Amino acid sequence: MHTHNSAIPNIQSVVASHQDFNEPYGSLTKKALELGCEQAIVIHTNTITTARWVQLKCKYGCDEYGKKLTCPPHAPSYEEMKDILKEYNKAMLLHGHLSWQMRYIVSEMEKMAFSVGFYKAFGLGAGPCKLCENCETTSPCIHATEARPSMEACGIDVYQTARNHSLKIETLKTKDDEVNIFGLVLLE
Ligand code: SF4
């Protein structure tokens, strides 16, 4: 049973998240690390936490709200993402330190996943899209195969999802704190 809202994954889910070097996951994991990820783990989608409050942080905390086609309210809603996650069983959770790099990595990883047979592959990055200086939100995206919404733009609680897999993420207390950035590639 999928329990996307559960902050605490069941034991089976936790045991099932790991660095999987068996094919086809092995090639994907290797590619993610080559592209600059610190960690890349295969997870069950029932360990991805979604929450309605996440998009509040976009609407009342981000200057880019409404200005990018990959951001709310143009991005999939929390309700849509909950339904979308039910259509997948596995995903690759990616850990890095730079949001621009993570946006590039999820786009590349989605393409590679598709090429090795994951025909439903879809990447979710981190932060607002920066591919164009000005995003024309009344027209379709002009880089539709590269631009991807962030996890948080679609109502995914990135903190809890990372913590469900014992990955490091904390709120920043000073500007010198290490930033932990996450991306996700939905696989199958
Ligand atoms: S690629 Fe350009 S048009 Fe597409 S979402 Fe990003 S900024 Fe907007």
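Every read-out reported here was derived from the displayed coordinates using simple, explicitly stated rules and does not represent laboratory data. The model shown is predicted, which means the values in this text are computed figures rather than measured ones. Every residue, glycine among them, receives a Cβ derived from its backbone with ideal geometry; neighbour counts consider all protein chains shown.
Couple of notes before you dig in:
- Here the chain is treated as a Stokes sphere of Kirkwood radius computed over C-alpha pairs; at 4 °C and 1.567 mPa s its diffusion coefficient rounds to 78 µm²/s.
- The chymotrypsin sites (Phe, Trp or Tyr not before Pro) of the stretch 40-117 that meet both conditions, a loop assignment by DSSP and at most 13 other Cβ atoms within 10 Å of the site Cβ, are W53, Y60.
- Applying 1/(1 + (r/R0)^6) with r as the Cβ-Cβ distance of T138 and I84 and R0 = 30 angstrom yields a FRET efficiency of 0.75.
- Computed magnitude of the charge dipole of the stretch 11-186 (debye, nearest 20; Cβ of K, R +1, Cβ of D, E -1): 200
- Considering only the chain, percent of DSSP beta bridges that pair antiparallel, nearest 5: 95
- Cα Rg, Dmax, the stretch 102-188, angstrom units: 14.6, 43
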